[in-house]
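**Q** Right, I'll just put the structure down here and ask away after.
The values are calculated or read from the model by the stated rules, or taken from the named source; none is laboratory data. Everything numeric in this text was worked out from a predicted model, so none of it was measured. Virtual Cβ from ideal backbone geometry, glycine too; neighbours counted across all protein chains shown.
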Amino acid sequence: MNQKPVYILGIESSCDDTSAAVLCNGKILSNVVANQEIHAKYGGVVPELASRAHQQNIVPVIQQAIEQANIDKKDLNAIAFTRGPGLMGSLLVGTSFAKSLSLALNIPLIDVNHMQGHVLAHFIIEEGQQKPPFPFLCLTISGGHTQIVKITNYFEMEVIGETLDDAVGEAFDKSAKILGLPYPGGPLIDKHAKLGNPKAFKFTKPRVADLGFSFSGLKTGILYFIQKQVKENPNFIEENLNDICASIQQTICDILFDKLKAASKQTGINHIAIAGGVSANSQIRSTLKSFEKTLGWTTYIPKFEFTTDNAAMIAIVGYYKYLEGIFAKENVVATARLKVSEQ
Ligand code: KG4
Ligand code: ZN
């Protein structure tokens, strides 16, 4: 069967990465991401600086994505953009640009829920990559979210468990900050943990009902523990950095997987995916994989480039919406708070 090519331009600008991607029938032709280095200086994302950087980056990033895809912008069938959730100023840059470009090219505009993008990144067509069948569960873990989502169809998603306070990415980043590591600290904890003993130190795990999570207590526990140790030995962090990181990471893994196992048991679903920036974590990836043997799960682990924010995941949602004829209204607006279940 000869399928007519459908070219979708995806635009992502919800937080601190400006990204544009072109997909043809769900396959990636380009996926350009411009990271904003400026935030490292401040130990976290500064919203005002993020939106200014998006304004500078958006034109060259989109141009590069179209050039790398080796198409003309007139070939595009639709433009998909992140409507939310995210930082309002950042979202506005992508939303305004996507609106103007769709008007200029006279092609449909498709609004995309960023969280659905993280989940549906598993449907980007790639060699050797298996798509999860419906229904499946997805542990969506990022700097802003920690959720167990039940996915029944492309746009039917239900949160069955989520954090009551901090997101798991925040737990990684705040713990790293306590240890004097720069932002974002998650990847650095991962790096040091590889060389440390995960049983060296014990941190208390929270007790949360049902499938809920909590990470703010862990952060406080780590802070008090480090303050106490440093009082006794000012070199405590330097001397034990790998072991501290390994122990923190182990605790976070235990918290996540206790709930994920309970969710699988409760729903009877054994197809389990992970998504979001924190799904780049090596221990989370290997632990999930190990459950294929021990629990009989079929697991779906995204390629590294699809874990952190990127426009290919926005374009894939756009592609499925395009096939269904679901387009944005002309008066569509950026929405800072948007649940994964909302269109
Ligand atoms: O999805 P994402 O790029 O942005 C949000 O939508 O939040 O996630 C960013 C988060 C940060 O907290 C970062 O520290 C964390 O993902 N992260 C990691 C790793 N790589 C990124 N956390 C732990 N281990 C990693 N390897
Ligand atoms: Zn994200």
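**Q** Within the stretch 66-88, can you find the residues that are away from ligand 1 (no atom under 16 Å from the Cβ) and not acidic (Asp, Glu)?
**A** The first filter runs over the stretch 66-88 and keeps only residues away from ligand 1 (no atom under 16 Å from the Cβ), leaving 66-80.
Scanning the stretch 66-88 gives ILE66, GLN68, ALA69, ASN70, ILE71, LYS73, LYS74, LEU76, ASN77, ALA78, ILE79, ALA80.
**Q** Can you go through GLY117, GLY86, GLY169 and tell me which one is under 13 Å from the mean Cα position of the chain (by Cα), part of a loop (DSSP other than H, G, I, E, B) and closer than 27 Å to ALA263 by Cβ? Reasoning before the result, please.
**A** On the way: GLY117 fails: part of a loop (DSSP other than H, G, I, E, B); GLY169 fails: part of a loop (DSSP other than H, G, I, E, B).
The match here is GLY86.
**Q** Out of the residues in the stretch 15-40 that are within 21 Å of SER90 (Cβ to Cβ) and part of a loop (DSSP other than H, G, I, E, B), which is farthest from ligand 1 (Cβ to nearest atom)? Even if it seems obvious, please write down each step before you answer.
**A** In the first step, residues of the stretch 15-40 are kept if they are within 21 Å of SER90 (Cβ to Cβ); the result is 15-21, 31-40.
Narrowing the set further to residues that are part of a loop (DSSP other than H, G, I, E, B) leaves 15-16, 36.
Details: CYS15: 5, ASP16: 8, GLN36: 12 Å.
Result: GLN36.
**Q** Turning to a different aspect of this structure: Output the residue which, of all residues in the stretch 33-54 that are free of Cβ contacts under 8 Å to residues at least 12 places away in the same chain and within 20 Å of the chain's Cα centre (by Cα), is surrounded by the fewest Cβ atoms within 10 Å (Cβ to Cβ). Walk me through how you get there before you give the answer.
**A** Step one: list which residues in the stretch 33-54 are free of Cβ contacts under 8 Å to residues at least 12 places away in the same chain, which gives 37, 41, 46, 52.
Those left that are additionally within 20 Å of the chain's Cα centre (by Cα): 37, 46.
Values: GLU37: 9, VAL46: 17.
Here the residue is GLU37.
**Q** Determine which member of the set PHE172, PHE81, PHE155 is at pLDDT below 95 and either out of contact with any helix residue (DSSP H, G or I) (no Cβ under 7 Å at 6 or more places or on another chain) or of a type outside the set (A, V, I, L, M) (or both).
**A** Values: PHE172 fails: at pLDDT below 95; PHE81 fails: at pLDDT below 95.
Of the residues listed, the single one that is at pLDDT below 95 and either out of contact with any helix residue (DSSP H, G or I) (no Cβ under 7 Å at 6 or more places or on another chain) or of a type outside the set (A, V, I, L, M) (or both) is PHE155.
**Q** Let me ask another. Can you tell me how many residues within the stretch 150-178 are in contact with a Ser or Thr (Cβ under 7 Å, 6 or more places away or on another chain), within 16 Å of ligand 2 (Cβ to nearest atom) and farther than 17 Å from MET313 by Cα?
**A** 7
**Q** Can you pull out the residues in the stretch 89-114 that are under 14 Å from ILE58 (Cα atoms) and either in a loop (DSSP other than H, G, I, E, B) or in contact with a strand residue (DSSP E or B) (Cβ under 9 Å, 6 or more places away or on another chain) (or both)? First the steps, then the outcome.
**A** Going through the stretch 89-114, the residues under 14 Å from ILE58 (Cα atoms) turn out to be 89-101.
Passing the criteria: SER90, LEU91, VAL93, GLY94, THR95, PHE97, ALA98, LYS99, LEU101.
**Q** Within the set of pairs 6 or more residues apart or between chains, which connect a residue that is surrounded by 17 or more Cβ atoms within 10 Å (Cβ to Cβ) inside the stretch 211-226 to a residue that is outside any helix (DSSP H, G or I) and of a type in the set (D, E, K, R) with Cβ atoms less than 6 Å apart?
**A** From residues that are surrounded by 17 or more Cβ atoms within 10 Å (Cβ to Cβ), the pairs are SER214/ASP165; PHE215/ASP166.
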